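Everything below concerns the one structure shown next.
The values are calculated or read from the model by the stated rules, or taken from the named source; none is laboratory data. Predicted, not measured: the structure shown is a model, and the values here were computed from it. Positions of Cβ are generated from backbone atoms using ideal geometry, with glycine treated the same way; all protein chains shown enter the neighbour counts.
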Amino acid sequence: MRTLYLEPFAGIAGDMFIGAMIDLGLFSQDEFISAMKGLDLDGYGLSIEKGLRRGISGTDFKVEVHSGDHHGHDHGHCHRHLSDILSILERSSLPENVKNRSERAFRMLAKAEASVHGVDLESIHFHEVGAVDSIVDVVGSFMALHMAGADRVVSSPVNVGSGTVKCAHGVLPVPAPATARLIEGIPVISQGDPLERTTPTGALILKTSVESYGSLPSGRIVATGYGLGDKDTELPNALRITLLEEGEDEKEKLPWIPGEAVVLEANVDDMNPQDFASAMEKLFDAGAWDVFLTSIMMKKQRPGTRITCVCSLERERRCAEIILKNTSTIGLRCRRENRYTLRRDETMELTSLGPVRLKKAYWGDRMVKRTIEYDDLKDISERHNIPLMELRDRLTSELGVWTDEN
């Protein structure tokens, strides 16, 4: 198993992440530049140079914007709606994995912005992250991950910085509101000179790519790379990424991925059943892996409901808080359990009725399951007025979706 270990001790931004990935040496600068041509976005060039930050050598990656689109250090006012960015991604010739992850990241950012400003998604227009350089940073980060071919990403706690930052909405505290919303549930620290150390693009990388947070995983260190930030501060302004490989023989590798999960449970007998939906939605938004309800019989022969939340160790506190705040329980139970998962990925496939996402699961290197994303089925069903069961059978036959039980 190949693991990328991030150490954002001085924070993280898209350009720092890409610089560190290039510095690892898993692919060349020319290979990366060539791959990014698939974005099909005009008005920019890429600068990739070696540099120093407090005596640490690393790669300084920059997007050089040739038009008025660049927002610069003052976080200027380039306005793009979510639909504009999704259109850019849709017309690109990027690998489907990169395109899908970029789209998911921008939707996540739009949801965070909408929550902060109290508006719906359609009303959101991006400022800093709508600029050409930020779009390239986000897409380039997922391109770098795609080219590296790592099995998982792990990180130490992230330095968010301190002080204030000037942006399109004025002078705001660090981390900026949207960034703060994105890093909910992520372990953070605040060290060094007062400045914005974790940007929205950096927060998106962590939120969408990191599996867990903690110390350096066990394994054999293969390579180390440093991505340099713009400012030369007292704390070395660099992101370190380490590539590790497990030392076991290839034949002895497990066909599944071992891990740990937190199980939170509470028994409730005095809550309006309609309110469970809101609590479950909040838990899923906070990053819970699963949330479910079980009918139980409680003391005094009262019918009740057990709410169970399964989440990562890093999201335990946030999910516990949501249960205590959004249900009528005055306490809950918590336990840690071993967790085994199959490796999975997601691709976009074109059908006669439009694109759908396919979720794939693997037993070792062998694909054993492909299922169509329910939300895509539901959307097509409503747009074409086709019953859901009929549509599922039709697209399953068209795509050859299957499950190998052997």
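Which residues, counting only those in the range 5-35, are touching a helix residue (DSSP H, G or I) at 6+ places or on another chain (Cβ under 7 Å), outside any helix (DSSP H, G or I) and surrounded by fewer than 24 Cβ atoms within 10 Å (Cβ to Cβ)? The answer is Leu26, Phe27. Criterion applied to Val210, Val268 was being in contact with a Phe, Trp or Tyr (Cβ under 9 Å, 6 or more places away or on another chain) and either within 23 Å of Ala361 (Cα to Cα) or modelled with pLDDT of 95 or more (or both), and the one residue passing it is Val268. The residues in the range 167-197 that are in contact with a Leu (Cβ under 8 Å, 6 or more places away or on another chain) and on the phi < 0 side of the Ramachandran plot can be counted, and the count is 7. Filtering the range 289-343 to residues that are exposed (fewer than 12 other Cβ atoms within 10 Å of the Cβ), without any contact (Cβ under 8 Å) to a residue 24 or more places away in the chain and closer than 28 Å to Trp363 by Cβ leaves only Phe292.
In the range 263-280, the count of residues that are surrounded by 15 or more Cβ atoms within 10 Å (Cβ to Cβ) and under 30 Å from Gly11 (Cα atoms) is zero. For first residues located in the range 96-113 and buried (at least 18 other Cβ atoms within 10 Å of the Cβ), partners that are of a type in the set (D, E, K, R) and at pLDDT 90 or above and lie 6+ apart or on another chain with Cβ distances below 6 Å form the pairs Ala112/Arg181. Tallying residues that are aliphatic (A, V, I, L, M) and either assigned by TED's automatic domain parsing to the domain that holds Glu90 or in contact with a Ser or Thr (Cβ under 8 Å, 6 or more places away or on another chain) (or both) within the range 343-362 yields 1.
Scan the range 278-298 residue by residue and report those that are of a type outside the set (A, V, I, L, M) and touching a helix residue (DSSP H, G or I) at 6+ places or on another chain (Cβ under 7 Å). Passing the criteria: Ser278, Lys282, Gly287. Of the residues making up the range 349-361, just one is surrounded by fewer than 16 Cβ atoms within 10 Å (Cβ to Cβ) and in contact with a Lys or Arg (Cβ under 7 Å, 6 or more places away or on another chain), namely Lys359.
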